[in-house]
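The values are calculated or read from the model by the stated rules, or taken from the named source; none is laboratory data. Being a predicted model, the structure only gives us computed values, none of them experimental. Note that each Cβ is placed from the backbone with ideal geometry, even for glycine, and that neighbours are counted across all protein chains shown. Side chains are part of the model used for accessible areas, which takes the heavy atoms of the whole protein and leaves out ligands, DNA and RNA. Shrake-Rupley method; radii C 1.70, N 1.55, O 1.52, S 1.80 Å.
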Amino acid sequence: MISQLFQNMLKIVLLDPSLRDNKNNPSFNLGDLIIFDSVKKQLDEIFGVYELIRISNHIPVPKHMFQEIKTADYIFVGGTNRLQSNTKNMRQCGFYRNKGLLWFIMPRITNIILLSVGWGWRSGNPSTKLRLFYKKALSKDIIQSTRDEYSHQLLQNTGIKNTLNTTCVTLWGIDGYATRRKKMYPNCIFMLTDYDQNPTSDNVLIELLVAHFSNKIVFFPQGNDDLKYIKTLDAYVKYKHLITLLPH
């Protein structure tokens, strides 16, 4: 009876940005781990009991994993900015890694379902090869969930019409909560991005936070080099006595 239960259990593959490799080592970006928690919660609510195969989406999919993917009932990409507009940035996203000259019209992974996925680097409409790739690789039968309107519109422009802007999956749990706050709270937690730095805007941001939050301002370093980056900013140097740095 138990063996029959396992035979009938759904198999779900998650192309998972929260794993930096397939040895269960976590991503250096803590935001990836936070997103995975929300992705797992949604899968649990939808499917109940199921077998979950997690495959890192930061590195090429290992050959032996393709059999797991081939026999899966559903294949999800679990959040973060995995979509790209040109092939030079594809090296950071595992599900693109397809060998052969015609990888873009014969992808090794198909019927992929995006679960709150965004666009990396915001580099405009995808190349012709990637337009073909998305049309072949993404499921045509299930809604593709994007984390922002920019990504939704780019997929629409690519010809993929079964898309919906659902916002980031980490926000789905606030449904029903009032989010338009009238009261100004004295404390603030904020983040910056180590891999897409903008010192001009980030200095302005810190100045604004210091001006508007009177009690405690806390910096949460999600990325591996976020702490190193904030220490280079003039506004942080000026106001570091007012800012608490959390450890990565």
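For the stretch 170-199, enumerate the residues that are at pLDDT below 95, touching a helix residue (DSSP H, G or I) at 6+ places or on another chain (Cβ under 9 Å) and not in a loop (DSSP other than H, G, I, E, B).
Across the stretch 170-199, the qualifying residues are T170, L171, W172, G173, C188.
So which of K228, K183, K161 ends up being closer than 21 Å to G79 by Cα, open to solvent by 90 Å² or more (accessible area, probe 1.4 Å) and of a type outside the set (S, T, N, Q)?
Answer to the selection: K161.
Cβ contacts < 6 Å: first residue among the polar types (S, T, N, Q), restricted to the stretch 26-42; second residue crowded, with 17+ Cβ neighbours inside 10 Å and part of a helix (DSSP H, G or I), any location; separation 6+ or different chain. Result?
S38/V169; S38/T170
So which pairs qualify, if the first residue must be in the stretch 58-69 and within 16 Å of P17 (Cα to Cα), the second must be among the charged types (D, E, K, R) and assigned to a loop (DSSP other than H, G, I, E, B), the Cβ gap must be under 7 Å, and the two must be at least 6 apart or on different chains?
Partner pairs satisfying both residue conditions: H58/R20; I59/D21; P60/R97; V61/R97.
Which one of these does V210 not meet: (1) touching a residue at least 24 places away in the same chain (Cβ under 8 Å); (2) outside any helix (DSSP H, G or I); (3) surrounded by 11 or more Cβ atoms within 10 Å (Cβ to Cβ)?
Failed condition: (2).
Is it the case that some residue within the stretch 26-33 is open to solvent by less than 60 Å² (accessible area, probe 1.4 Å), assigned to a loop (DSSP other than H, G, I, E, B) and in contact with a Cys (Cβ under 7 Å, 6 or more places away or on another chain)?
No, every residue in the stretch 26-33 fails to be open to solvent by less than 60 Å² (accessible area, probe 1.4 Å), assigned to a loop (DSSP other than H, G, I, E, B) and in contact with a Cys (Cβ under 7 Å, 6 or more places away or on another chain).
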